[in-house]
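Novice: One structure, as structure tokens, below. Some questions next.
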Ligand SMILES: [Cu+2]
């Protein structure tokens, strides 16, 4: 399913170049980046328009298609952290403790993206593996704690 979606995006990309209406390229151009990644966030997933980009300044164009406020954090994973991006170490609430994590470091973050809002940022990425996650933690009315990362808001981005 995921592969199929990427193929469609690749076709759109080629077509837009041919028609000189570079909609897909534009997000990168605006920020001077050679690459752009569109990030859709909603309850409870986070999807990237590409799984792989070239190193350098990468434009992230985020759209919150959900009802709740979300964020994205881009974490460069250490080389030896060959772990599924959905199985990173979490605290008791199911969130990633950004202060003590030892499997990688945050290289970029866009916080407080409201429902329906867009957010864009250029983030410099070196080659490697990255986890793109929403690390929002909130308390529900019944007192339970909801950690968006553990609910499924994560994706892997490879930079070459
Ligand atoms: Cu979230």
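Novice: So residue 101 fits all but one of (1) surrounded by 14 or more Cβ atoms within 10 Å (Cβ to Cβ); (2) under 20 Å from residue 50 (Cβ atoms); what number is the exception?
Specialist: (2)
Novice: Let me ask something else about it. List every residue pair whose Cβ atoms sit under 6 Å apart, with the two residues 6 or more apart in sequence or on different chains, where the first one lies in the stretch 133-160 and is closer than 17 Å to residue 62 by Cβ and near the ligand (Cβ under 9 Å from one of its atoms) and the second, anywhere, is at pLDDT 95 or above and in a helix (DSSP H, G or I).
Specialist: Listed by first residue and then by second, the contacts come to 133/149; 134/148; 135/149; 136/148.
Novice: Does the stretch 29-57 hold any residues that are within 19 Å of residue 113 (Cα to Cα), more than 10 Å from the ligand (Cβ to nearest atom) and at pLDDT 95 or above, and which are they?
Specialist: 37, 38, 39, 40, 47, 48, 49
Novice: Do you know which residues across the stretch 60-69 are buried (at least 17 other Cβ atoms within 10 Å of the Cβ) and under 11 Å from the mean Cα position of the chain (by Cα)?
Specialist: 60, 61, 62 - these are the residues of the stretch 60-69 that are buried (at least 17 other Cβ atoms within 10 Å of the Cβ) and under 11 Å from the mean Cα position of the chain (by Cα).
Novice: A further question on this structure: Which of (1) buried (at least 19 other Cβ atoms within 10 Å of the Cβ); (2) more than 16 Å from the ligand (Cβ to nearest atom) does residue 92 not meet, given it meets every other one?
Specialist: Every listed condition holds for residue 92 apart from (1).
Novice: Same structure again: Could you identify the single residue in 73, 117 that is crowded, with 19+ Cβ neighbours inside 10 Å and either closer than 22 Å to residue 37 by Cβ or within 13 Å of the ligand (Cβ to nearest atom) (or both)?
Specialist: Just a single option satisfies the conditions, and that option is 73.
The values are calculated or read from the model by the stated rules, or taken from the named source; none is laboratory data. Just so it is clear, the structure is predicted and the values come from calculations on it, not from any experiment. Glycine also receives a Cβ, built like all others from the backbone with ideal geometry; neighbour counts cover every protein chain displayed.
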